[in-house]
Amino acid sequence: MSEERSHNYARTRRIVKTDDFSSVFRLRPVQRTAHFVLYARSNALDHARLGIVAAKRFAPRAVTRNTIKRVTRELFRQTALPAIDCIVRLSQPVNSKAGPATNAKLKTELRRELAQLLGSQVAKRPSPNAESR
C-alpha cells in the first residue's frame, strides 16, 4: 500500500464478517497496552481493515464504548498502515458505572494507548507468508 493515509472509513475498510474476525483472533496478539490488545494479520487487499471490540463488561456505559470506537476509527484513518487486518480489543475495564462516562483524562489516555498500538504496525511490513503461522 502506498504511504497515503485513509481519510475514510468505508465498509471496505472495516472487518464486519464473523469469519474475518475469527481468522484474526486465531493469531497471537501482536501488542498489548494497559487497556487494549491488538491482533493483526496481513491481507490480500491494497488497504488496511479495522475491527473494534469494546465489551460491555469492560466499559459498562455506551457513551464510553462509543468514545473508544470513535477514537480508534479516527486514529486508524490518520495512520498509514500496510495492507493488514487489525482488531483492537478492549481487555481491561476503563471505568465503572459509578464514575463519569468519559472525561478529558480518559480520552487522552485512550488516544495515547491506541496511537501506540496502531503506530507499532506502521513500520512493519508483513511478509507474504505471515498468514501461514
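The values are calculated or read from the model by the stated rules, or taken from the named source; none is laboratory data. Just so it is clear, the structure is predicted and the values come from calculations on it, not from any experiment. Neighbour counts are summed over all protein chains in view; Cβ atoms, including those assigned to glycine, are modelled from backbone coordinates with ideal geometry.
From THR67, THR72, THR79, grab the single residue that is within 14 Å of the chain's Cα centre (by Cα), hydroxyl-bearing (Ser, Thr, Tyr) and under 20 Å from LYS17 (Cα atoms). Spell out how you get there, then give the answer.
Values: THR67 fails: under 20 Å from LYS17 (Cα atoms); THR79 fails: under 20 Å from LYS17 (Cα atoms).
On inspection, the qualifying residue turns out to be THR72.
Being small (Gly, Ala, Ser), within 25 Å of ASN43 (Cβ to Cβ) and either surrounded by 15 or more Cβ atoms within 10 Å (Cβ to Cβ) or at pLDDT 80 or above (or both) is the filter here, so list the residues in the range 95-126 that pass it. So that I can check it myself, show each step before the final result.
So in the range 95-126, the residues small (Gly, Ala, Ser) come out as 96, 98-99, 101, 104, 115, 119-120, 123.
Imposing the further condition that a residue be within 25 Å of ASN43 (Cβ to Cβ) reduces the set to 115, 119-120, 123.
ALA115, GLY119, SER120, listed by residue number.
Every residue in the range 18-76 that is assigned to a helix (DSSP H, G or I), β-branched (Val, Ile, Thr) and touching a Leu at 6+ places or on another chain (Cβ under 9 Å), please.
The first filter runs over the range 18-76 and keeps only residues assigned to a helix (DSSP H, G or I), leaving 18-25, 62-76.
From the residues that got through so far, the ones that are β-branched (Val, Ile, Thr) too are 18, 24, 63-64, 67-68, 71-72.
Within the range 18-76, THR64, THR67, ILE68, VAL71, THR72 meet the criteria.
How many residues does the range 33-55 contain that are surrounded by fewer than 15 Cβ atoms within 10 Å (Cβ to Cβ) and either within 11 Å of the chain's Cα centre (by Cα) or farther than 23 Å from THR108 by Cβ (or both)?
Pass one, the range 33-55, residues surrounded by fewer than 15 Cβ atoms within 10 Å (Cβ to Cβ): 34, 44-46, 55.
Now narrow it down to the ones that are either within 11 Å of the chain's Cα centre (by Cα) or farther than 23 Å from THR108 by Cβ (or both): 44-46.
Going through the range 33-55 one residue at a time, the tally reaches 3.
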